[in-house]
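As structure tokens, the structure follows; a few thoughts come after it.
Readers should treat all values here as calculations from the given coordinates under stated rules, not as data from a laboratory. Owing to the predicted nature of the structure, the values given are computational and were not obtained by experimental measurement. Because the Cβ atoms are built from the backbone with ideal geometry, glycine has one as well, and the counts that use them run over all protein chains shown.
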Amino acid sequence: MMLFTIMSDFLLYAVMSFLAGVIVLQFVPENRKPPITVKKSGILLAIAVIPILSAAPTIQLLGLLMGNTGFGSALWTAISEFQVGQSFAFSLLLAFFWFGATAVNSSKYIQAFWFLLAILNMGFGSHAAALDFLPGLLSHTLHFLSLTLWAGVLIVVTWFSSALINWRSFLKWFTPFAFGMMATILVSGFIVWLLFSKPADYAASWVLPYGQMLLLKHLSILPLLAAAFLNGFGNKTKEPSRKGLKLETFMLGLVFLFTAVMSKLAPPHNINNTFLTEGAAPFIGTLIGEQFLPVTPQFLVSIDGILLLVIGILAMGLMVMSFFKKGPLWLSFLFGIGFVASAYLGMMMNMNF
């Protein structure tokens, strides 16, 4: 069930990003973007699968509730008493109206309206909103909205443009747009983190499965930003390399994957209490030995850890070099993964809890 819910969230992030990109690019003049070809059937399919992909948490909840009652009663309880069930019910209604509006070729403003409602609904059903409703709702909604807008434009331009013409005109608005979205992602993400834990507990949380995924997510953002910088500033030709843009989308997919896994793990509200119930993260015992309470993170310099960090830096450099040397896409992506893996191992081997 865990794998099913993780993959559902991963695909939901990708679908919402795709739809965000389609909508944003409708507001951009033709001479300021590459020519985009997206079939209407593809857009309708993406809207139709939103309730299916967002159903996983409600299915999990129903499995728990049906231990004491029948399906009908459990479904009513989930929808009437739990935010996650209400969010799923709303997603069905929103998808129905959004699908209909798109099917009859309604204006881009109407489509944007239903998209924003869908994003707001996802914030409503988030763990952050369940923990502290208004701050959690606003911060999670803003975080996810910024991510989908930036990622969506990138995905649609990379995979659905017939030719990468008008690139310089496109970058003139997309570069500040992307910087603005990234700044919003960082600020809103920090606010969400404050709802779960304290900044001082960041390193301590690495002993937990949630903290490990958060660290991996943050590390995976670095090669993503490197790829974004190269695509924005490292290519002086009129028509950039599509391989470079695909690399950026693949690194983005890695961030989506870690985020999807995080959403299914217990946040570290209290490090020691969560450690008692969840236990240490996988591989912690293998890397740095068995851990005990209380969790007290200490940075220790080790030869192995330093060497792994250096290898990570070299992997990042090779990814950049591969971009300029026009190397194969799989090799650049492998170097990006190599950076994340090496930096992660290096940081773990320089830690003691």
Requested in this report: Report which label in (i) 65, 59, 42; (ii) 61, 59, 29; (iii) 60, 42, 37 holds the value of Cα extents along the principal axes in Å derived from the coordinates of this structure.
Outcome: (ii)
Query - Nonlocal amide H pairs with MET351, under 5 Å, H built at 1.01 Å - result: LEU300
Report task. Indicate the gyration tensor shape class of segment 135-176 (rounded, prolate or oblate), computed on the Cα atoms with a ≥ b ≥ c the square roots of the eigenvalues: a/c under 1.5 is rounded; otherwise a/b larger than b/c is prolate and the rest oblate. Result -> oblate
Query - Packing-based exposure ordering (other Cβ within 10 Å, fewest first) of ASP9, ASP304 - result: ASP304, ASP9
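Would you mind calculating the relative contact order of segment 1-196 from Cα pairs under 8 angstrom and at least 6 residues apart, reporting the percent as a whole number? Mind dumping the intermediate values first?
On the way: 229 pairs, mean separation 63.2, N = 196.
RCO, segment 1-196: 32 percent.
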Query raised in the report: Counting alpha carbon pairs within less than 8 Å and at least 6 residues apart, what relative contact order, in whole percent, applies to the chain?
Result: 18 percent
**Report entry** Neighbour-count order for THR184, THR274, fewest beta carbons within 10 angstrom listed first
**Finding:** THR184, THR274
Query raised in the report: How about LYS33: which lysines have a C-alpha closer than 19 Å to its C-alpha, ignoring those fewer than 8 places off in the same chain?
Result: LYS108, LYS172, LYS236, LYS238, LYS243, LYS246
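Please identify every one of the GluC sites (Glu not before Pro) in segment 235-344 that sits in a loop by DSSP and has no more than 12 other beta carbons within 10 Å of its own beta carbon.
Values: sites: GLU248, GLU278, GLU290; in loops: GLU290.
Answer in residue order: GLU290.
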Query - Expected 222 nm ellipticity per residue - DSSP helices of 4 or more, -39500 (n - 2.57), all of the chain, to 500 - result: -25000 deg cm²/dmol
Requested in this report: Sort SER302, SER197 so the one with the fewest other Cβ atoms within 10 Å of its own Cβ comes first.
Outcome: SER302, SER197
